Amino acid sequence: MKTALIYDNVKYQNDTAMLLDDAGFTVNLSFSIDSPWFDVMKTDKPDILIISISVPNEKILQQLKMFHELVICPIVVLAYSADDSVIESVIFAGADSCVVGNISVERVTSLLQINLARFKVTRNRLEEIKELNKNIESLEARLNDRKDIERAKGMLMSSYKMDENDAYNAMRRMAMDTGNKLGEVARNLISMSKVLR
(Lines give C-alpha, C1' and ligand atoms only; values in the text may rest on other atoms or scores of the structure.)
Protein backbone atom coordinates (compact mmCIF):
# COMPACT_ATOMS: atom_id res chain seq x y z
CA MET A 1 0.00 0.00 0.00
CA LYS A 2 1.34 3.40 -0.99
CA THR A 3 1.13 5.87 1.89
CA ALA A 4 1.83 9.57 1.37
CA LEU A 5 2.76 11.92 4.21
CA ILE A 6 2.52 15.70 4.01
CA TYR A 7 3.98 17.65 6.95
CA ASP A 8 4.63 21.21 8.03
CA ASN A 9 7.73 20.58 10.12
CA VAL A 10 10.39 17.87 10.28
CA LYS A 11 9.59 16.84 13.86
CA TYR A 12 5.98 16.06 12.90
CA GLN A 13 7.23 14.23 9.83
CA ASN A 14 9.53 12.00 11.88
CA ASP A 15 7.00 11.39 14.65
CA THR A 16 4.20 10.59 12.21
CA ALA A 17 6.40 8.39 10.01
CA MET A 18 7.44 6.35 13.08
CA LEU A 19 3.82 6.11 14.27
CA LEU A 20 2.69 4.92 10.84
CA ASP A 21 5.56 2.44 10.64
CA ASP A 22 4.64 1.02 14.06
CA ALA A 23 1.05 0.68 12.79
CA GLY A 24 2.22 -1.25 9.71
CA PHE A 25 2.00 1.59 7.18
CA THR A 26 5.25 2.43 5.37
CA VAL A 27 5.52 6.02 4.14
CA ASN A 28 6.34 5.82 0.42
CA LEU A 29 5.96 9.51 -0.42
CA SER A 30 6.85 12.36 1.95
CA PHE A 31 6.55 16.07 1.18
CA SER A 32 6.68 19.36 2.99
CA ILE A 33 3.40 21.26 2.88
CA ASP A 34 5.25 24.01 0.96
CA SER A 35 6.49 21.66 -1.76
CA PRO A 36 4.57 20.92 -4.99
CA TRP A 37 3.10 17.75 -3.39
CA PHE A 38 -0.30 18.32 -4.95
CA ASP A 39 1.04 17.98 -8.52
CA VAL A 40 3.05 14.86 -7.64
CA MET A 41 -0.02 13.18 -6.09
CA LYS A 42 -2.00 13.61 -9.31
CA THR A 43 0.43 11.32 -11.13
CA ASP A 44 1.96 9.20 -8.36
CA LYS A 45 -1.36 8.34 -6.70
CA PRO A 46 -1.19 7.10 -3.12
CA ASP A 47 -3.64 4.69 -1.49
CA ILE A 48 -3.97 7.00 1.51
CA LEU A 49 -2.82 10.56 2.24
CA ILE A 50 -1.80 11.55 5.78
CA ILE A 51 -1.39 15.26 6.50
CA SER A 52 0.52 15.88 9.72
CA ILE A 53 0.42 19.55 10.68
CA SER A 54 0.60 21.74 13.74
CA VAL A 55 -2.59 23.73 13.03
CA PRO A 56 -4.66 23.51 9.81
CA ASN A 57 -4.61 26.85 7.99
CA GLU A 58 -6.32 28.37 4.94
CA LYS A 59 -3.59 27.16 2.57
CA ILE A 60 -4.01 23.51 3.60
CA LEU A 61 -7.80 23.85 3.41
CA GLN A 62 -7.53 25.03 -0.20
CA GLN A 63 -5.13 22.19 -1.07
CA LEU A 64 -7.43 19.68 0.65
CA LYS A 65 -10.43 20.88 -1.32
CA MET A 66 -8.59 20.59 -4.65
CA PHE A 67 -7.15 17.16 -3.81
CA HIS A 68 -10.50 15.86 -2.55
CA GLU A 69 -12.17 16.79 -5.85
CA LEU A 70 -9.79 14.43 -7.67
CA VAL A 71 -11.16 11.44 -5.65
CA ILE A 72 -7.74 9.75 -5.51
CA CYS A 73 -7.61 8.35 -1.98
CA PRO A 74 -8.81 8.92 1.58
CA ILE A 75 -7.33 11.91 3.39
CA VAL A 76 -6.53 11.82 7.11
CA VAL A 77 -5.40 14.97 8.90
CA LEU A 78 -3.39 14.62 12.11
CA ALA A 79 -3.33 18.04 13.74
CA TYR A 80 -1.42 18.82 16.89
CA SER A 81 -3.81 21.64 17.74
CA ALA A 82 -7.24 22.68 16.43
CA ASP A 83 -10.56 23.80 17.82
CA ASP A 84 -14.00 22.52 16.76
CA SER A 85 -14.48 25.12 14.03
CA VAL A 86 -11.09 24.25 12.46
CA ILE A 87 -11.89 20.53 12.57
CA GLU A 88 -15.19 21.26 10.86
CA SER A 89 -13.42 23.34 8.20
CA VAL A 90 -10.95 20.49 7.58
CA ILE A 91 -13.78 18.00 7.08
CA PHE A 92 -15.73 20.39 4.83
CA ALA A 93 -12.58 20.92 2.77
CA GLY A 94 -12.45 17.20 2.03
CA ALA A 95 -10.58 15.34 4.75
CA ASP A 96 -12.15 12.01 5.65
CA SER A 97 -10.94 12.32 9.25
CA CYS A 98 -9.25 14.88 11.45
CA VAL A 99 -7.59 13.81 14.69
CA VAL A 100 -6.29 16.41 17.11
CA GLY A 101 -3.49 15.71 19.59
CA ASN A 102 -1.56 12.53 20.21
CA ILE A 103 -2.81 9.26 18.78
CA SER A 104 -1.86 5.71 19.72
CA VAL A 105 -0.62 3.06 17.30
CA GLU A 106 -3.78 1.00 17.83
CA ARG A 107 -6.00 3.97 17.18
CA VAL A 108 -4.13 5.08 14.05
CA THR A 109 -4.33 1.53 12.65
CA SER A 110 -8.10 1.34 13.05
CA LEU A 111 -8.51 4.95 11.89
CA LEU A 112 -6.67 4.29 8.63
CA GLN A 113 -8.40 0.95 8.03
CA ILE A 114 -11.82 2.54 8.57
CA ASN A 115 -10.99 5.41 6.22
CA LEU A 116 -9.71 3.05 3.54
CA ALA A 117 -12.86 0.91 3.77
CA ARG A 118 -15.17 3.94 3.78
CA PHE A 119 -13.37 5.41 0.78
CA LYS A 120 -13.71 2.14 -1.16
CA VAL A 121 -17.45 1.99 -0.43
CA THR A 122 -17.89 5.66 -1.37
CA ARG A 123 -15.94 5.24 -4.61
CA ASN A 124 -18.06 2.20 -5.55
CA ARG A 125 -21.23 4.16 -4.85
CA LEU A 126 -19.99 7.05 -6.98
CA GLU A 127 -19.34 4.63 -9.84
CA GLU A 128 -22.84 3.19 -9.43
CA ILE A 129 -24.32 6.71 -9.50
CA LYS A 130 -22.33 7.55 -12.65
CA GLU A 131 -23.63 4.38 -14.31
CA LEU A 132 -27.21 5.19 -13.26
CA ASN A 133 -26.83 8.72 -14.66
CA LYS A 134 -25.60 7.28 -17.97
CA ASN A 135 -28.63 4.98 -18.05
CA ILE A 136 -30.96 7.89 -17.30
CA GLU A 137 -29.38 9.97 -20.07
CA SER A 138 -29.73 7.05 -22.49
CA LEU A 139 -33.38 6.55 -21.55
CA GLU A 140 -34.08 10.27 -21.88
CA ALA A 141 -32.45 10.31 -25.32
CA ARG A 142 -34.50 7.29 -26.41
CA LEU A 143 -37.69 8.90 -25.09
CA ASN A 144 -36.90 12.13 -26.95
CA ASP A 145 -36.21 10.11 -30.11
CA ARG A 146 -39.55 8.34 -29.72
CA LYS A 147 -41.38 11.68 -29.32
CA ASP A 148 -39.66 13.14 -32.39
CA ILE A 149 -40.35 10.01 -34.44
CA GLU A 150 -44.05 10.14 -33.54
CA ARG A 151 -44.21 13.84 -34.36
CA ALA A 152 -42.43 13.42 -37.71
CA LYS A 153 -44.58 10.41 -38.51
CA GLY A 154 -47.70 12.51 -37.87
CA MET A 155 -46.38 15.27 -40.14
CA LEU A 156 -45.77 12.80 -42.99
CA MET A 157 -49.21 11.28 -42.49
CA SER A 158 -50.96 14.65 -42.67
CA SER A 159 -48.80 16.19 -45.44
CA TYR A 160 -48.59 13.19 -47.76
CA LYS A 161 -51.74 11.30 -46.78
CA MET A 162 -49.71 8.28 -45.67
CA ASP A 163 -50.86 5.73 -43.15
CA GLU A 164 -48.79 5.17 -40.00
CA ASN A 165 -46.81 2.19 -41.38
CA ASP A 166 -45.95 3.97 -44.64
CA ALA A 167 -44.77 7.08 -42.77
CA TYR A 168 -42.62 4.96 -40.43
CA ASN A 169 -41.16 2.93 -43.32
CA ALA A 170 -40.38 6.12 -45.26
CA MET A 171 -38.40 7.45 -42.28
CA ARG A 172 -36.61 4.10 -41.90
CA ARG A 173 -35.59 4.21 -45.58
CA MET A 174 -34.28 7.78 -45.12
CA ALA A 175 -32.32 6.64 -42.07
CA MET A 176 -30.76 3.73 -43.97
CA ASP A 177 -30.01 5.87 -47.04
CA THR A 178 -28.34 8.63 -45.03
CA GLY A 179 -26.73 6.44 -42.37
CA ASN A 180 -28.45 8.45 -39.63
CA LYS A 181 -30.45 7.18 -36.71
CA LEU A 182 -34.22 7.27 -36.94
CA GLY A 183 -34.49 9.96 -34.26
CA GLU A 184 -32.10 12.21 -36.17
CA VAL A 185 -34.08 11.74 -39.39
CA ALA A 186 -37.25 12.66 -37.49
CA ARG A 187 -35.62 15.84 -36.10
CA ASN A 188 -34.41 16.78 -39.61
CA LEU A 189 -37.94 16.37 -40.98
CA ILE A 190 -39.34 18.51 -38.15
CA SER A 191 -36.70 21.21 -38.79
CA MET A 192 -37.41 21.18 -42.54
CA SER A 193 -41.14 21.51 -41.96
CA LYS A 194 -40.50 24.65 -39.88
CA VAL A 195 -38.42 26.16 -42.69
CA LEU A 196 -41.06 25.35 -45.33
CA ARG A 197 -43.94 26.96 -43.43
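The values are calculated or read from the model by the stated rules, or taken from the named source; none is laboratory data. Just so we're clear, the structure is a prediction, and the values are computed from it rather than from any experiment. Glycine gets a Cβ as well: all are built from the backbone with ideal geometry, and neighbour counts include every protein chain shown.
Just a few scattered comments:
- Restricting segment 160-197 to residues that are outside any helix (DSSP H, G or I) and among the basic types (Lys, Arg), the residue that is modelled with the lowest pLDDT: Arg197
- Any chance Ile51 is in the same structural domain as Asp8 (by TED's automatic domain parsing) and touching a His at 6+ places or on another chain (Cβ under 7 Å): no
- Test result for Val100, out of contact with any Lys or Arg (no Cβ under 8 Å at 6 or more places or on another chain), hydrophobic (A, V, I, L, M, F, W, C), under 30 Å from Asn14 (Cβ atoms) and in contact (Cβ under 8 Å) with a residue 24 or more places away in the chain: no
- Within segment 67-89, tally of residues that are within 19 Å of the chain's Cα centre (by Cα), surrounded by 14 or more Cβ atoms within 10 Å (Cβ to Cβ) and part of a helix (DSSP H, G or I): 2
- Every test in (1) more than 36 Å from the chain's Cα centre (by Cα); (2) surrounded by 14 or more Cβ atoms within 10 Å (Cβ to Cβ) is passed by Gly94 save one, and that test is (1).
- Just so you know, in segment 1-45 the residues that are assigned to a helix (DSSP H, G or I) and basic (Lys, Arg) include one that is farthest from Gln113 (Cα to Cα), and it is Lys11.
- Some residue of segment 79-98 being within 20 Å of Thr3 (Cβ to Cβ) and of a type in the set (S, T, N, Q): yes
- Matching option when the condition is farther than 24 Å from Phe67 by Cβ and surrounded by fewer than 10 Cβ atoms within 10 Å (Cβ to Cβ), among Arg197, Arg146: Arg197
- Matching residues, segment 46-58, being assigned to a strand (DSSP E or B) and not aliphatic (A, V, I, L, M): Ser52
- Every condition in (1) free of Cβ contacts under 8 Å to residues at least 60 places away in the same chain; (2) surrounded by 18 or more Cβ atoms within 10 Å (Cβ to Cβ) is met by Asn115 except one, and the failing one is (1).
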